[in-house]
Amino acid sequence: MFEGLSEKLAGIFDQLTRRGALSEEDVNAAMREVRRALLEADVALDVARTFIEKAKARAVGAEVVKSISPGQMVVKIVNDVLIETLGSDAEPIDLNAAPPIAIMMVGLQGAGKTTTTAKIAKRLTERFKKRVLMASLDVKRPAAQEQLAILGRQVGVETLPIIAGQTPVQIARRAEEAARLQGYDVVMFDTAGRTHIDEPLMAEMAEIKAAAKPHEILLVADALTGQDAVNLAKNFDDRVGITGIVLTRVDGDGRGGAALSMRAVTGKPIKLIGTGEKMEALDDFHPQRIANRILG
Ligand code: GDP
């Protein structure tokens, strides 16, 4: 586990002959390496600081059991705290509501919202045998609604017929009504993004939320998001109130610190991860996988 970090910590503790309980100095030296690893993985500064305090409190005075080295002991404690912070239990999409269950997808442009909407619809259809209707509320990008329709045909999920000239709220109302009258189990709302967070985007999301009354609001965020992750997650959560996070591009070579940052500042679970462009590339969230990446 974490060969890189383990090696560094072993190096620190090798210089110490002490055994038994971990002393504060030993732990401080180790935590400097842990901090470096977190920051290299793009964990936000404040999140890294809080994390280190928590891990430190647990490590100082911990008895080192005979079978492992002090370095391994610290790695284990750090790993435990990391898993706890990331959320140790997988939290699936909540389908415990009266149909049609509304799921609203939010996030910045290019984060993977449309792709993830279709991936989730496919999963709900195939694995959970739900009848799903998807609707794109993105009237800014001319091709957005057509893009969702194409993906819908690809995964065998219906999309709301496109009517030009409607506002996002009008489309949301039409989708909700169609889902209700036609007996769909789930209605998914793919919303428009922007290149960055701004007031009009947040106002539009709040308006759509009021019309769509979503049971789940999933923030779709790129795993490669760096220090911006905190700002992104906090803004969407404060203004719209997210119920979970879907982390995309986990197949890329990012270290995944954004996952820890977003989870820590919102307390909202990471529900799913995107692992590629294909429609099958959607996985449950396994905290250990992300922990391994973060600590390298
Ligand atoms: P939106 O603007 O948020 O709706 O983003 P899109 O769904 O259009 O996705 C933007 C690009 O990212 C597309 O080329 C997708 O194929 C790609 N994409 C989405 N999710 C993933 C993922 O998990 N991994 C990879 N490698 N690419 C992804």
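The values are calculated or read from the model by the stated rules, or taken from the named source; none is laboratory data. Quantities reported herein were computed from a predicted structural model and do not represent experimental measurements. These area figures cover heavy atoms from the full protein model, side chains too; ligands, DNA and RNA do not enter into them. Shrake-Rupley method; radii C 1.70, N 1.55, O 1.52, S 1.80 Å.
When the helices of the chain are scored as -39500 (n - 2.57) per DSSP H run of n ≥ 4 and the total is divided over every residue, the value at 222 nm lands at -15500 deg cm²/dmol. Under a straight-distance cross-link criterion of Cα-Cα below 19 Å, which lysines are reachable from Lys278, leaving out those fewer than 8 residues away in the same chain? Correct list for Lys278: Lys113, Lys119, Lys122. Comparing mean-square fluctuations of Ile68, Ile197, Ile93 from a GNM of the chain with C-alpha springs under 10 Å, the top value falls on Ile68. Computed across region 210-296, the Kirkwood hydrodynamic radius from all distinct Cα-Cα pairs reaches 13.1 Å. Scanning residues 5 or more positions from Gly244 or on other chains, those with amide H under 5 Å from its amide H are Ile217, Leu219, with H placed 1.01 Å from N in the peptide plane. Counting only lysines at least 8 places from Lys76 when in the same chain, those with an alpha carbon closer than 30 Å to its own are Lys8, Lys54, Lys56, Lys66, Lys234, Lys268, Lys271. Surface analysis of region 55-123 yields an accessible area of 40 Å² per residue, using protein heavy atoms and a 1.4 Å probe. For region 12-119, with all protein chains in place and a probe radius of 1.4 Å, 49% of the accessible heavy-atom surface sits on carbon or sulfur. Within the accessible surface of region 220-260, defined with a 1.4 Å probe on protein heavy atoms only, the carbon and sulfur portion equals 43 percent. Largest accessible area first, the residues Lys129, Lys56 order themselves as Lys129, Lys56 under a 1.4 Å probe with ligands, DNA and RNA left out.
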